[in-house]
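The values are calculated or read from the model by the stated rules, or taken from the named source; none is laboratory data. Only a predicted model underlies this, so the values are computations on that prediction, with no experimental measurement involved. In this analysis, Cβ positions are derived from the backbone assuming ideal geometry, glycine residues included, and neighbour counts consider all displayed protein chains. Heads up: the accessible areas ignore ligands, DNA and RNA and are worked out on the full protein's heavy atoms, side chains in. Shrake-Rupley method; radii C 1.70, N 1.55, O 1.52, S 1.80 Å.
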Amino acid sequence: MKSFSIRSKITLWFTMALLMVVFFTFFIVLSANRQVIQKNIRDNLIMTVEHNVDEIEFYNNINNVDLHNESDYFIRFRGGYLEIDDDFLDQVNEVYTALYHEDHTLIYGENPISRQVSDLEFVDSKVQRIKVHHTLYYIFDRKLTLKGLEELWLRGVVSEKQGMTQMSDITRLSLLLLPFMVLVSVTGGYLIAGRMLRPIQKISESASQISSGGDLKKRIAIGDGKDELHQLAKSFNAMFQRLEESFDAEHQFTSDASHELRTPVSVILAQCELSLEEPRSSEEYEDALRTIQRQGRKMSKLVNHMLDFTRLEMRADSYMRQKLDLTELVRSVCFDMALIQEKEIVLNYEVQEQVEFVGNYQLLSRMLTNLISNAYRYGKEQGHIFVSLKHLEQEIELSVADDGIGIATEEQEKIFRRFYQADNSRSVAGTGLGLSMVYEIVQFHDGTISVESELQNGSTFIVTFKNIN
Ligand code: ADP
């Protein structure tokens, strides 16, 4: 059973259940039918005998008899005549009726088992059962007391076979039809099961193709539907989508990272080769060393950023979340960053008191520092930075606005990608990782980030977190 397909198992169970139901129904119907038929036979027997009672008359004097009725039958009895009316049913529907003397002498009529029941005592108005040659017979006797003929009995006899012929017709029909119906149901069931299980087969085929190194872009296509299998296929497709995205992201990150590292490495190598080609003056060596130092710092910054990313993505659990005073955090970061005074830019801030939040202090400081340092780097001479923290009805809103060089509309959605640097960043030394780090930190705290910016008119980064109160 273990090695059978689900389709075969379903069909097998279904067939077995169906056969059981069919056999039970068959036997219940047959036995109910048998009882009804038996009752019919007995009722018919009683009715026929009772009818025949009325068809017998006794006349003391022959003059009282309508001798012109030629179809009546006359029997000499007690010095008079017994008249058997022509309506007397001596054999109808295999019910035989015979007139007996109480000493079992047959006076009139027929009895198919007269020899076998010649000793059977007469019992008035009661159906008796007797088996003759494996056949069951019903016998019904009536004493003709009311007619003053106490010594005469009417005996009706009918065999069970009379009803059984009807029964066997039903049985034969059932035996012919039922297997045919079972066959039709089983074939139908097998086809339906196959049809219903086809999506599972498709799901399993697609999953094994993907897992055996096939195309990650492949999806399970089982058409539209709302049943459990379609839900399952949708979940699988969503999972494949995420897998594909994370593989792509991983691939992108590795290729971007190696690309970003290759430039400083090439510069360092070129600088070394150039310096070693021939003897140089000490100023030239110093220049070369400064270039190498600059590129080395760039690499170190890149590597640190990449490590931060990996740590945040891979071991997000290692960043503890705790209840913290966001007001104090923003104030302290702004206080420190205001000291920079790069390009004579002035930093102002307005923070609402007692804004509390559950998060990681270190990451949130890092996020704000990144945003403010971008505002400095992409700010104009003697520009302004404005940081604000406030409680809204459902959210906490933190914004960093500057009146710097701004970001082109088409670039605004791309700046959160890793290593992405917009056109405006040409003159600024960056890694393209600062905002993507900010994005990851916001995601880590289940928040959202958006940017509003216009080229040459400055940018505002707005971060929102869910209010914990
Ligand atoms: P980078 O190291 O290049 O600054 P980021 O990820 O921090 O990397 O930023 C990505 C890009 O977004 C930057 O290269 C820059 O073009 C743009 N950008 C970020 N912040 C600002 C800002 N405040 N004003 C104008 N442009 C900005």
Taking the residues in the range 147-168 that are touching a residue at least 24 places away in the same chain (Cβ under 8 Å) and in a helix (DSSP H, G or I) as candidates, determine which candidate is surrounded by the fewest Cβ atoms within 10 Å (Cβ to Cβ). Q166
Taking the options I405, I396, I449, I441, name whichever one is near the ligand (Cβ under 8 Å from one of its atoms) and either among the hydrophobic types (A, V, I, L, M, F, W, C) or modelled with pLDDT of 95 or more (or both). I405
Just wondering, is there one or more residues in the range 187-199 that are over 38 Å from the mean Cα position of the chain (by Cα), of a type in the set (A, V, I, L, M, F, W, C) and open to solvent by 100 Å² or more (accessible area, probe 1.4 Å)? no
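Scan the range 231-244 and give yes if some residue there is assigned to a helix (DSSP H, G or I), in contact with a Leu (Cβ under 6 Å, 6 or more places away or on another chain) and modelled with pLDDT of 80 or more, otherwise no.
Looking through the range 231-244, at least one residue is assigned to a helix (DSSP H, G or I), in contact with a Leu (Cβ under 6 Å, 6 or more places away or on another chain) and modelled with pLDDT of 80 or more.
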Enumeration of residues in the range 414-438 that are over 21 Å from R311 (Cβ atoms) and modelled with pLDDT of 90 or more: K414, I415
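Does M320 satisfy the condition of being in a loop (DSSP other than H, G, I, E, B) and at pLDDT below 90?
yes
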Among the candidates S399, S425, single out the residue that is open to solvent by less than 20 Å² (accessible area, probe 1.4 Å), at negative phi and free of Cβ contacts under 8 Å to residues at least 60 places away in the same chain. S425
Counting only residues that are among the acidic types (D, E) and within 8 Å of the ligand (Cβ to nearest atom), the range 413-438 contains a total of 1
Only residues that are under 27 Å from S125 (Cβ atoms) and among the hydroxyl-bearing types (S, T, Y): list them for the range 153-191, please. S159
Leading residue by the ranking (surrounded by the most Cβ atoms within 10 Å (Cβ to Cβ)) among those in the range 402-416 that are touching a residue at least 40 places away in the same chain (Cβ under 8 Å) and part of a loop (DSSP other than H, G, I, E, B): G404
